[in-house]
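> I have a structure here, written as structure tokens, and I will follow up with some questions on it.
What follows is calculated from the coordinates using simple rules that are stated; it is not laboratory data. It should be emphasised that the depicted structure is a prediction, and the values quoted were computed from it without experimental measurement. A quick note on method: Cβ atoms are made from the backbone with ideal geometry, for glycine too, and the neighbour counts reach across all protein chains shown.
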């Protein structure tokens, strides 16, 4: 295991996905996952506490139902994100993190800093989105 400072930021001049880079992204992903789990637990706890479903007022019931629905969709998105984080952590373990799943090319530090769970390089992502748009338009 490589030691890096809490303020370390990967640099372009370093070898791409060297031990320091991998340790940095591993920490970043683990911290992100911890934050998501904490916020999900809080949201679930709060949702169980504010229950207007037994209210006599139909408007309050509808409002409560809508709010719960929105909260549950947000929690589901976060659960999917946690799954992507787990996938990225596995890639760090097996040495494939940071490389495009389609082209095998480096995804790039800037892109990974912005989206640590990215699995495609910019060119492959754009191609993928263009194909999605074509199918969506049909």
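> Under a point spin-label approximation (7 Å from Cα along Cα-to-Cβ), what is the residue 93-residue 63 distance to one decimal in nm?
Using points 7 Å along Cα→Cβ, the separation is 4.7 nm.
> Which residues does the label zone of residue 27 cover in segment 1-20, counting backbone N under 14 Å from a point 7 Å along Cα→Cβ?
From segment 1-20, the list is 1-11, 19-20.
> Right, something else. (1) 20.1, 59; (2) 20.1, 65; (3) 26.9, 90: which one is Rg and Dmax of the Cα atoms in Å as calculated from this entry?
(2)
> Separate question: Using helices alone, I'd like the mean residue ellipticity at 222 nm for the chain: each DSSP H run of four-plus residues gives -39500 (n - 2.57), total over residue count, nearest 500.
Dividing the helical sum by the residues of the chain leaves -23000 deg cm²/dmol.
> Also: Simple spin-label model, 7 Å along Cα-to-Cβ: residue 131 to residue 82 in nm?
Taking the two extended label points, one gets 3.1 nm.
> Against the longest alpha carbon principal axis of the chain, how many degrees, from 0 to 90 and to the nearest 10, is the axis of helix 58-94 turned?
20 degrees
> Between residue 103 and residue 42, what is the FRET efficiency for a Förster distance of 35 Å, r being their Cβ-Cβ separation, to the nearest 0.05?
Efficiency for this residue pair is about 0.30.
> Give me the angle, in degrees from 0 to 90, between the Cα long axis of helix 19-49 and the longest principal axis of the Cα atoms of the chain, rounded to the nearest 10.
Approximately 0 degrees, to the nearest ten.
> Full-extension gain between residue 35 and residue 18, please, as 0.36 nm times their residue separation minus the C-alpha to C-alpha distance.
3.5 nm
> Which order do the peptides 29-37, 1-9 come out in when sorted by mean C-beta neighbours inside 10 angstrom, highest first?
Packing proxy ranking, top to bottom: 29-37, 1-9.
> Can I ask one more? If you fit an axis through the alpha-carbon atoms of helix 122-137 and take the longest principal axis of the Cα set of the chain, what angle between them do you get, 0 to 90°, nearest 10?
For helix 122-137, the angle is close to 40 degrees.
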